[in-house]
Amino acid sequence: MGVNVAYPGRDGAHSAAACDNLFPTGTELVPLPSFTAVVAATAGGEVAFGVLPIESSLTGPVNETHDLLYESPLSITGETVLPIRHCLVGPTDVPLEEIRIVRSHPAALDQCRRLLAAMPWTTAIAAATTADAASEVSERGDATEAAIASERAARMYGLTVIAGDVGDHPEAYTRFVSVAPYTRIDREGETWRTAFSFATDHRPGALHKAIEPFGRHSLDLVQLVSRPIPSTPWRYRFDAVLAGHPLDPIVTETFAEVQGLTRELRVFGSYPAYT
């Protein structure tokens, strides 16, 4: 029996395709109803790995994934990038004017703003995943309801593609990560990424001081995003990714320096960079 890997949604979800990229052989895929369920199953040892979307080339970080990782004992162990092609799908091919409800994951809805703006008579309803949206539209069988999902999901749930390539941009990509309850320190390949989070004191110049060592040591911060800290209103943490391995001497030295300049510094994992 192969390694078991959890992902959010149903067969046909983009996360299922990401699993195939990250774990191409000997894998048992375990669909779960939500991002939270994937994190809980992975942290609890019910599955060996979880796979979650973490960044869109159009809308930026997937906040839910960032926050779940911050609150869990999991680390990122790998990444892959998938091209995302959104389609408007429904039980039958009908004019857009007849569609009253469009279902999809919030990120997909956000990536199809132009379509939704051109259909002001419709109501957008969030679903757990794009595949869940397709499944629900299929089960309801109402020609006035449609989903934004993949062609794969449309085929799987017997839906018709009403309009293809409905995303705001012709080239859209989503970065997915695998997560596990341990941190990798092996060195397969030469290009690595290290994900981490830090919080600074709430005073002028604190963020500049915290990130200055990375520039001084010529370390590339390939991502830096801010997220609110719920327990402390109007205070923020910063999630970041740098190009480098945590055991590289210069990375170790820089992290030690940054730790002295921040209130909190946590490594979220190291993994080979997607190429």
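The values are calculated or read from the model by the stated rules, or taken from the named source; none is laboratory data. These figures come from a predicted structure and were not determined experimentally. Cβ placement follows ideal geometry from the backbone for every residue including glycine, while neighbour counts extend to all protein chains displayed.
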> In this structure, does Leu221 turn out to be surrounded by fewer than 18 Cβ atoms within 10 Å (Cβ to Cβ), under 30 Å from Ile84 (Cα atoms), among the hydrophobic types (A, V, I, L, M, F, W, C) and touching a residue at least 12 places away in the same chain (Cβ under 8 Å)?
Replying inline: yes
Of the candidates Pro73, Pro83, the one satisfying the condition of being touching a Pro at 6+ places or on another chain (Cβ under 6 Å) and touching a residue at least 60 places away in the same chain (Cβ under 8 Å) is Pro73
The number of residues in the range 10-26 that are surrounded by 17 or more Cβ atoms within 10 Å (Cβ to Cβ) and not basic (Lys, Arg) is 10
For the range 84-105, does any single residue satisfy the condition of being surrounded by 22 or more Cβ atoms within 10 Å (Cβ to Cβ), of a type in the set (S, T, N, Q) and either at negative phi or not assigned by TED's automatic domain parsing to the domain that holds Pro230 (or both)? yes
Out of (1) assigned to a helix (DSSP H, G or I); (2) among the β-branched types (Val, Ile, Thr); (3) more than 25 Å from the chain's Cα centre (by Cα), the one Ile162 does not meet is (1)
Within the range 140-151, residues outside any loop (DSSP other than H, G, I, E, B), surrounded by 21 or more Cβ atoms within 10 Å (Cβ to Cβ) and not β-branched (Val, Ile, Thr) come out as Glu145, Ala146, Ala147, Ala149
Margin query: Against the condition in contact with a helix residue (DSSP H, G or I) (Cβ under 6 Å, 6 or more places away or on another chain), assigned to a helix (DSSP H, G or I) and either within 23 Å of Ser270 (Cα to Cα) or outside the structural domain of Ala13 (by TED's automatic domain parsing) (or both), how does Ala154 come out, does it pass?
Written below: no
The residue from Arg193, Arg155, Arg175 that alone is of a type outside the set (A, V, I, L, M), at pLDDT below 95, closer than 28 Å to Ile84 by Cα and surrounded by 13 or more Cβ atoms within 10 Å (Cβ to Cβ) is Arg155
In the range 184-217, residues that are under 21 Å from Thr275 (Cα atoms) and of a type in the set (S, T, N, Q) total 2
When the range 174-191 is checked residue by residue, the ones that are in a strand (DSSP E or B) and either among the polar types (S, T, N, Q) or within 16 Å of Thr262 (Cβ to Cβ) (or both) are Thr174, Ser178
Among the residues of the range 241-275, the number that are under 17 Å from Gly78 (Cβ atoms) and out of contact with any Leu (no Cβ under 9 Å at 6 or more places or on another chain) is 8
